[in-house]
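Encoded as structure tokens, the structure appears first; notes follow it.
The values are calculated or read from the model by the stated rules, or taken from the named source; none is laboratory data. All values derive from a computational prediction rather than experimental measurement. Cβ: placed from backbone, ideal geometry, glycine included. Neighbour counts: every protein chain shown. With ligands, DNA and RNA removed, areas are computed over all heavy atoms of the protein, side chains included. Shrake-Rupley method; radii C 1.70, N 1.55, O 1.52, S 1.80 Å.
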Amino acid sequence: MTRMRLVREAYEQLLKDDPDTNITLYGLRTIVKSGIIPTIKLGRKTLLNYDYLLEYFQKGDNCDKDCKGQIRPQQ
């Protein structure tokens, strides 16, 4: 089952799941705008897969190219 959320809804769910998170709404929007997290546009609204977002935060991007300017997991 896919849990699609608006960006704000995904952020609010993230706060419920992890109240001590360091991710801000602005930070999440930056990740979405950069294309790191795939999204679906419905008119002016942007939906993202919440489960994929959690997976990204757990595993990281693992990009092979130059990741300068992107958020990567701390090693």
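Points worth noting:
- Contacts under 6 angstrom Cβ, first residue in segment 19-43 being open to solvent by 100 Å² or more (accessible area, probe 1.4 Å), partner in a helix (DSSP H, G or I), 6 or more apart: Arg29/Val7
- Matching entry among Gln13, Gln58 (being more than 10 Å from the chain's Cα centre (by Cα) and open to solvent by less than 50 Å² (accessible area, probe 1.4 Å)): Gln13
- With respect to (1) open to solvent by 80 Å² or more (accessible area, probe 1.4 Å); (2) of a type in the set (Asp, Glu); (3) in contact (Cβ under 8 Å) with a residue 12 or more places away in the chain, the lone exception for Asp51 is condition (1).
- Restricting the first member to segment 4-18 and to residues that are closer than 11 Å to Asn49 by Cα, and the second to residues that are part of a helix (DSSP H, G or I) and open to solvent by 50 Å² or more (accessible area, probe 1.4 Å), the beta-carbon pairs closer than 8 Å and six or more apart or on different chains are Val7/Arg29.
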